[in-house]
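Everything on this sheet refers to the single structure shown next.
The values are calculated or read from the model by the stated rules, or taken from the named source; none is laboratory data. Owing to the predicted nature of the structure, the values given are computational and were not obtained by experimental measurement. With ideal geometry, Cβ positions are generated from the backbone for all residues, glycine too; neighbour counts draw on all protein chains shown. Just so you know, the surface numbers come from the protein's heavy atoms only, side chains and all, with ligands and any DNA or RNA stripped out. Shrake-Rupley method; radii C 1.70, N 1.55, O 1.52, S 1.80 Å.
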Amino acid sequence: MTASTDFQKINSVKLSQTQDNMTIFKSIFGNSEQSPVKNNNVLWNHLTDLNQLDDLIAHSKETPVLIFKHSTQCSVSRMALKQFENDFDLSFKVTPYFLDLIAFRLVSNAIAEKFQVAHQSPQLLLIKNGVSVYDVSHNAIDAADLKSKL
């Protein structure tokens, strides 16, 4: 065996061990790359395209729309999302949209511009008649408070 072959085998074993460790880690703590866990309280519409914003604005003229901007790389965002989903009971009153702002940064930037809000993560916006009428972030995200704004 050559030194190059030995090096390749060692790296292959290390890579395999690292992947095994990451699988265990993800099974305990979750995978930050995953979209949010399906939750019976919230039937999310995923925001993935700039063109959806025009549809969302038009829809908000009939039914209030909420946008939850989530960073898949932030534990505070994950905690706020889980808490919001657990407390949410407004599916009959609002249309909920979910934005993975890491994967869809252009959509996130367009939201900040169209609705004249500063970018935050996590962030919750309530859109009525095409305008953001409620905008909160971090630990201020509260389903009961949102309910009072409807």
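Quick look at the numbers
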{"quantity": "Where Phe88 falls short, out of the listed (1) touching a helix residue (DSSP H, G or I) at 6+ places or on another chain (Cβ under 9 Å); (2) open to solvent by 70 Å² or more (accessible area, probe 1.4 Å); (3) closer than 20 Å to Asn41 by Cα", "calculated": "(2)"}
{"quantity": "Scan of the range 51-67 for residues that are in a loop (DSSP other than H, G, I, E, B) and open to solvent by 10 Å² or more (accessible area, probe 1.4 Å), ordered by number", "calculated": "Lys61, Glu62, Thr63, Pro64"}
{"quantity": "Every residue from the range 106-132 that is modelled with pLDDT of 95 or more, open to solvent by 60 Å² or more (accessible area, probe 1.4 Å) and of a type outside the set (S, T, N, Q)", "calculated": "Leu106, Glu113, Lys114, Val131"}
{"quantity": "First in the range 89-111 and within 11 Å of Ile67 (Cα to Cα), second anywhere and open to solvent by 70 Å² or more (accessible area, probe 1.4 Å) and assigned to a strand (DSSP E or B), Cβ under 8 Å, 6 or more apart", "calculated": "Tyr97/His46; Phe98/His46; Leu99/His46; Asp100/His46"}
{"quantity": "All positions within the range 93-103 that are open to solvent by 20 Å² or more (accessible area, probe 1.4 Å) and farther than 20 Å from Ala58 by Cβ", "calculated": "Asp100, Ile102, Ala103"}
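Condition check ((1) under 17 Å from Ala58 (Cα atoms); (2) over 17 Å from the mean Cα position of the chain (by Cα)) across all residues:
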| position | (1), (2) |
| --- | --- |
| Asp87 | no, no |
| Leu90 | no, yes |
| Lys128 | yes, yes |
| Val133 | yes, yes |
| His138 | no, no |
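Residues are listed down the side, and each one gets a yes or a no for (1) part of a loop (DSSP other than H, G, I, E, B); (2) within 24 Å of Asp54 (Cβ to Cβ):
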site: Lys69; (1), (2): no, yes
site: Val76; (1), (2): no, no
site: Phe92; (1), (2): yes, no
site: Ala103; (1), (2): yes, yes
site: Ser108; (1), (2): no, yes
site: His119; (1), (2): yes, yes
site: Val133; (1), (2): no, yes
